[in-house]
Amino acid sequence: MGVGQEVWGLARFVDDLQARGRYTFRREEAVDALRVSDIAFSRAARRLVARRRLASPRRGFFVVVPQEYSRAGAPPPSWLIADLMAYHDQCYYVGLLSAAALHGAAHQQPQEFQVMTDRTLRPTTVGRARIRYFVKRHLRQTPTMDVKTYTGAMRVSTPESTAIDLVRYVESAGHLSNVASVLAELAEVLDSSRLVQAAQADVELSVVQRLGFLLSYVGAAAVAEPLARWLDEQRPRPVPLRSDREPGVASKDSTWQVFVNESVELDV
């Protein structure tokens with residue numbers, strides 16, 4: 001079989017997948033379906049990648065690129081993240097700023113698609129998009145929900161878990177003022193009881209203290225009130241708002257036991 005026939009055969013295979021609403025496949029699946037050698041498949045795949053009909057963010061994993069996404073080089077990460085994580089046999093959820101945007105807090109648009117995992121993964125580039133992974137212990141304890149996508153569904157942290165993660169991974173979410181601005185929007189969809197449950201699921205009291213302070217600061221004290229009652233029962237030690245700085249002579253918020261050693265400004 002010549003290169004032209006190999007490309008034609010793979011192109012038909014790709015067209016058929018798209019017609020059935022599938023936008024990812026594995027190398028071995030295509031090799032078996034087309035009954036070609038690995039070398040022949042590689043030649044054909046390289047041609048279709050060059051034509052932007054396929055993208056290959058990981059060795060052996062391919063993404064079908066519809067014509068409307070040809071210029072971008074790939075469809076959005078939400079179309080493929082569930083299949084990509086299944087390919088890696090890895091537990092995951094979409095989190096941080098990407099999750100916040102999905103929950104309606106889209107004022108601070110993330111420059112990357114942020115995914116929480118329980119093992120280290122190198123960032124993935126697919127077309128113009130970049131997927132960045134953050135390792136989290138006890139990942140499976142984090143409350144998540146399924147969010148529908150064009151190709152199916154993906155796992156996303158709940159609004160309450162998202163709020164906690166934004167404070168825990170504050171550097172990856174920009175900075176304290178950026179996190180506070182996102183929380184001001186996210187507060188509209190936070191549930192008080194689920195917020196306590198999310199805190200209990202993966203207890204790190206210092207994170208809960210800082211989250212409670214920030215929620216109160218952005219005018220969501222009512223949402224945080226049950227969290228304050230639960231936290232009081234845990235008898236937390238005072239912590240600095242900004243963990244990489246000493247408290248110094250900063251004033252202390254008595255409700256949350258937080259030394260306010262950083263000024264926070266909302267981006268309105």
Next item on the list: Just need a number here: residues in region 98-123 that are closer than 16 Å to ALA173 by Cβ, loosely packed, with under 13 Cβ neighbours inside 10 Å and modelled with pLDDT of 95 or more.
Entry: 0
Item checked: Scan of region 206-238 for residues that are hydrophobic (A, V, I, L, M, F, W, C) and over 23 Å from the mean Cα position of the chain (by Cα), ordered by number -> PHE213, VAL218, ALA220, ALA221, ALA222, VAL223, ALA224, LEU227, ALA228, TRP230, LEU231
Next item on the list: Test each condition in (1) over 25 Å from GLU68 (Cα atoms); (2) not in a helix (DSSP H, G or I) for ARG132 and report the one that comes out false.
Entry: (1)
Check: Which of the residues belonging to region 135-147 are of a type outside the set (A, V, I, L, M, F, W, C) and either within 25 Å of ALA184 (Cα to Cα) or crowded, with 19+ Cβ neighbours inside 10 Å (or both)?
Finding: LYS136, THR142, PRO143, THR144, ASP146
Margin query: Tell me whether region 234-252 contains one or more residues that are part of a helix (DSSP H, G or I), in the same structural domain as ARG137 (by TED's automatic domain parsing) and either in contact with a helix residue (DSSP H, G or I) (Cβ under 8 Å, 6 or more places away or on another chain) or farther than 12 Å from ALA180 by Cβ (or both).
Written below: yes
Note to self: Restricting to region 242-262, give me the number of residues that are more than 19 Å from ASP232 (Cα to Cα) and touching a Phe, Trp or Tyr at 6+ places or on another chain (Cβ under 7 Å).
What the structure shows: 2
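Looking at region 166-202, which of the residues that are among the hydroxyl-bearing types (Ser, Thr, Tyr) and in a helix (DSSP H, G or I) is farthest from LEU266 (Cα to Cα)?
Result: SER193.
The values are calculated or read from the model by the stated rules, or taken from the named source; none is laboratory data. Just so it is clear, the structure is predicted and the values come from calculations on it, not from any experiment. When we count neighbours, we look across all protein chains shown, and the Cβ atoms used for this are built from the backbone with ideal geometry, even at glycine.
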